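Trainee: Below you will find the structure I want to go over with you.
We did not get these values from a lab; they are worked out from the coordinates using the rules stated. All values derive from a computational prediction rather than experimental measurement. Using ideal geometry, Cβ is built from the backbone for each residue, glycine included, and neighbour counts are taken over all protein chains shown.
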Amino acid sequence: MSVDWELFASSFWPILQGAIIGTIPLTLLSFTFGLFLALGIALMRLSHSRVLRSIGWFYVSVIRGTPLLVQLFFIFYALPNLGLLVDPWPSAVLAFSLNVGGYAAEVIRAAILSVPRGQWEAGYTIGYSDTQTLWRVILPQAGRVSVPPLSNTFISLVKDTSLASVVLVTELFRVARQIATFTSEFVLIYLEAALIYWLICLALGGLQGVLEKRLSRYVAH
Amino acid sequence: MSPTEPTLPAEPAPLLEVRGLRKSFGDHHVLRSIDLTVRRGEVVTIIGPSGSGKTTVLRALNGLETPDGGEILFDGGPDIDFQYPVGSTHRYALRNRSAMVFQTYNLFPNKTVLQNVTEGPIRVKGTPKDVAVAEAEALLDRVGLLEKRDAYPFQLSGGQSQRVGIVRALALKPDLLLFDEPTSALDPELVGEVLQVMGELAAEGWTMIVVTHELSFARQVSDEVLFIDGGVVVERGAPAQIFTAPTQPRTAQFLDRLLRPFH
């Protein structure tokens, strides 16, 4: 079997374009929204209020306990039956954000718990409120601990966005499928798509290293 | 002197009154009924076996622990009766009167030495940044740590960390300094540098409550010593009396064990 390098070259840009207009913005938006949601859910799970704790627990349980594909289909195909029509892009962003929110909530909760209790008390003794202690003392330290596991979530999300192709969002994998169907060069095109995903994730792995190094400047080596 | 003329108080007015302080964790009564009076400029030392409740008293005074009952009354407020729920206004007011020096320092590892000290004044007290920095540098200088202003806590020895811990508390200009076993986590050769700073603060007239096992320090700087065991004040008095002629057998037993551990 010979490799059709010409097709490889001519299809590379369209697939990469799918990444640039679809995969990457979809990932960045969903991760940002998801992270804020996750912080909220994590704080609910750590709250003194039993009601908030239960809501947080229930949310995480549902998100982790159901397939992402089902969540995506529910938002895009089932909600219209309930009178709620959501466009492809918002559907995808919503589904991925909610999903990241559930997984990252557990990471953030664990990271917050990993900061010694004495740090809260030191914040209180200098007169900080709960919120000030959280933002100025606890989260910076929790942030450092959560970089590796959140990088996992982030990298998973890059690949999970390929599911958006089934709700008609133009992204990397949807473009690749179209080209593969059109040319019948499934091996080449899908390997090419996989390669581009891998390159994106390689770059992210590098960023993770830089971030970890930067955040550990105040830790003994 | 006519009988109607008011007599001058022999001692300065109390800064702090604690009455009947109680605290339980589940079935465990950590504090049964603690009374305590601290006058301005006084150094009160609390001694007692571990688990006796001495640390809990300090933590309650700083609003880190909420007692189940009893009162904490500061001259100038707040006056808190713990049989009622404590609102956040009261809690902040309470924390505002005192500052805690922790056994394990609890410096903020993500902030430099200088930031550790200026954080409270700038963010909580609203001190202008240049003023807060100048004050922090002066305080660091007096404990011999000015050159460490830009270091992170992990670059400090235990003794240096605790001196920063003390400076962080001083920078808040509290009326009352609380020391929770400030030298217990230190290597023996580093204890002296911390005790020396504390001794200087006492001599300067800071009002202090110190929980410690350093008996000779307690004896030198305290105005009053409290021996707490089982959540009650078993005995209180001048250091000379407590250390040389304790009236309670439990006090004598505790001191004996501390002074002659291999007896």
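Trainee: Quick one: check the C-alpha center-to-center distance for the range B:162-240 versus the range A:155-221, whole angstrom.
Mentor: That distance is 59 Å.
Trainee: Classify the protein assembly as shown as rounded, prolate or oblate from the Cα gyration tensor: take a ≥ b ≥ c as the square roots of its eigenvalues, call it rounded if a/c is under 1.5, otherwise prolate when a/b beats b/c and oblate if not. Mind dumping the intermediate values first?
Mentor: Details: a/c = 3.13, a/b = 2.47, b/c = 1.27.
In terms of gyration-tensor shape, prolate.
Trainee: Have a look at B:G87, A:V147, A:Y218 and report the one farthest towards the positive end of the charge dipole of the protein assembly as shown, computed about the Cα centre with Cβ charges (Lys/Arg +1, Asp/Glu -1).
Mentor: Among B:G87, A:V147, A:Y218, the one farthest towards the positive end of the dipole of the protein assembly as shown is A:V147.
Trainee: Hey, with R₀ at 30 Å, roughly what FRET efficiency would A:L202 and A:L69 work out to, going by the Cβ-Cβ distance, to 0.05? Don't jump to the answer; show the numbers that get you there.
Mentor: Numbers: r = 26 Å, r/R0 = 0.86.
My answer for the efficiency is 0.70.
Trainee: Test of understanding: ordering B:D175, B:D256 by Cβ neighbours within 10 Å, fewest first, what list do you get?
Mentor: Values: B:D175 17, B:D256 12.
In order of increasing Cβ crowding within 10 Å: B:D256, B:D175.
Trainee: Along the positive direction of the dipole of the protein assembly as shown (beta-carbon charges: Lys, Arg +1; Asp, Glu -1; about the Cα centre), which of A:V62, B:S24, B:G77 reaches farthest?
Mentor: Farthest towards the positive end: A:V62.
Trainee: By count of other Cβ within 10 Å, fewest leading, how are B:T251, A:T161, B:T244, A:T133 ordered?
Mentor: Values: B:T251 22, A:T161 25, B:T244 10, A:T133 19.
Result, fewest neighbours first: B:T244, A:T133, B:T251, A:T161.
Trainee: Could you tell me whether the range B:14-259 comes out rounded, prolate or oblate from its Cα gyration tensor? Rule is a ≥ b ≥ c as square roots of the eigenvalues, rounded for a/c under 1.5, then prolate if a/b exceeds b/c, otherwise oblate. Can you show the working numbers first?
Mentor: On the way: a/c = 1.89, a/b = 1.30, b/c = 1.46.
In terms of gyration-tensor shape, oblate.
Trainee: Based on Cβ point charges of +1 for Lys and Arg and -1 for Asp and Glu, what charge dipole magnitude is obtained for the range A:5-215 about its Cα centre, in debye rounded to the nearest 20? Kindly include the intermediate steps, with their values, before the conclusion.
Mentor: Working: 13 positive and 10 negative charges, 156 e Å.
So the dipole magnitude of the range A:5-215 works out to roughly 740 debye.
Trainee: Calculate, for A:L29 and B:D68, the FRET efficiency according to 1/(1 + (r/R0)^6) with r their C-beta to C-beta distance and R0 60 Å; round to the nearest 0.05. Numbers along the way, then the final one.
Mentor: Working: r = 49 Å, r/R0 = 0.82.
It comes out at approximately 0.75.
Trainee: If you plug each phi of the range A:184-196 into the Karplus form 6.51 cos²θ - 1.76 cosθ + 1.60 with θ = phi - 60°, what whole-Hz ³J(HN,Hα) values come out, in order, with x for Gly and Pro?
Mentor: Going residue by residue, I get 6, 8, 5, 4, 4, 5, 6, 5, 5, 4, 4, 4, 5 Hz, with x marking Gly and Pro.
Trainee: Can you find, among A:G22, A:L199, A:A104, the residue sitting farthest towards the positive end of the charge dipole of the range A:5-215, where Lys and Arg contribute +1 and Asp and Glu -1 at Cβ?
Mentor: Selected residue: A:A104.
Trainee: May I ask for the distance between the Cα centers of the range B:36-67 and the range A:37-81, given as a whole number of Å?
Mentor: Centre-to-centre distance over Cα atoms comes out at 44 Å.
Trainee: Strictly over 24 Å apart at the Cα level, which of B:K148/B:K173; B:K129/B:K173; B:K54/B:K111; A:K213/B:K129 would you flag in this model? List each step's numbers first, then the result.
Mentor: Details: B:K148/B:K173 22 Å; B:K129/B:K173 16 Å; B:K54/B:K111 30 Å; A:K213/B:K129 29 Å.
In this structure, B:K54/B:K111; A:K213/B:K129 lie more than 24 Å apart at Cα.
Trainee: Here is a follow-up. Between A:R217 and A:S49, with labels modelled 7 Å along Cα→Cβ, what's the label distance in nm to one decimal, could you check?
Mentor: Each label point is offset 7 Å from its Cα along the Cβ direction, giving 3.9 nm.
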